[in-house]
1. Treat every Asp and Glu Cβ in the stretch 106-189 as -1 and every Lys and Arg Cβ as +1, leave all other atoms uncharged, and give the resulting dipole magnitude about the Cα centre to the nearest 20 debye.
2. Rounding to the nearest 20 debye, state how big the charge dipole of the stretch 66-143 is about its Cα centre with +1 on each Lys and Arg Cβ and -1 on each Asp and Glu Cβ.
3. Cα centroids of the stretch 172-210 and the stretch 97-155: how far apart, whole angstrom?
4. If packing is taken as the mean number of other Cβ atoms within 10 Å per residue, what is the order of 98-104, 163-169, highest first?
5. What number, in percent, do you get for the relative contact order of the stretch 131-210 if the mean sequence gap of Cα pairs under 8 Å and at least 6 apart is divided by its residue count?
6. Sequence-distant or interchain residues sharing an amide H contact under 5 Å with V151, placed H: which?
7. Along each of the three principal axes of the Cα atoms of the stretch 145-205, give the extent in whole Å, ordering the values from largest to smallest.
8. Tell me, in nm to one decimal, what length is gained between K207 and T44 on full extension, where the rule is 0.36 nm per residue of separation less the Cα-Cα distance?
Amino acid sequence: MEGSIMATAHSFTGKLPEAGLSAFLGATAVPVITSPARLRRAITEANASLLDDIADMLDLSTDPVTFSSGEAAIAVGWGYIDDLESCLASVNAALQMVNSKSVDLARTHFGDGIAKRVRLINETALDTARYMLEYRISTIARAFEISGQLVEMDTGDHFCMGQFTLTYVAGDIRATVGSDQQAWIVETETTRQVSVREVTSDLAWGKLRP
């Protein structure tokens, strides 16, 4: 996937009918940020995090990714696969909102001003989800050799994971983990199967160094 689609923060001015809009957006369970200072701080922190990710992704001088062992590579690789699936779900959800009738409904109930803001919210969410997907793919490509297709479209035109394997090569060690949760390590021409569940648990509990 070429290029990066960066999210943009839109400045919302004026007074919103917060309770009504929150209910319309299905956000009644989320506290509304009523302080302009808190809102500005939240946007600034989010943008700073995104800019850090962008700088990391575009830094061609970044040293090659290395892992402490083949097991560590498999554990981290499976974490990347799990994150990729979450990113795809986010893109699909954002696309659903963009293609929904939410803007028309907002216009009907709250007027053109609110409709425009709902549209901007939907578009920003989609930009952010796309960016995070591209960033995750970039991260995977920096650390692993990819065989197969990371992302595909299903019969319903939704993004989904394809069938693929990620392979980490270091010296005479080749550690491979697949989207089907199969994993193995080849070392000095000897192959051994590895439990994805076991190595990810060991990494989470600090028994395995990244």
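1. Dipole about the Cα centre, nearest 20: 660 debye.
2. So the dipole magnitude of the stretch 66-143 works out to roughly 380 debye.
3. 33
4. Put in order of decreasing packing, that is 163-169, 98-104.
5. 15
6. G162
7. Extents along the principal axes, in whole Å: 44, 27, 15.
8. 55.0 nm
The values are calculated or read from the model by the stated rules, or taken from the named source; none is laboratory data. Bear in mind that the values here come from a model prediction, so they are computed numbers and not experimental data. When we count neighbours, we look across all protein chains shown, and the Cβ atoms used for this are built from the backbone with ideal geometry, even at glycine. For the accessible areas, the whole protein counts, side chains as well, though only heavy atoms, and no ligand, DNA or RNA atoms are used. Shrake-Rupley method; radii C 1.70, N 1.55, O 1.52, S 1.80 Å.
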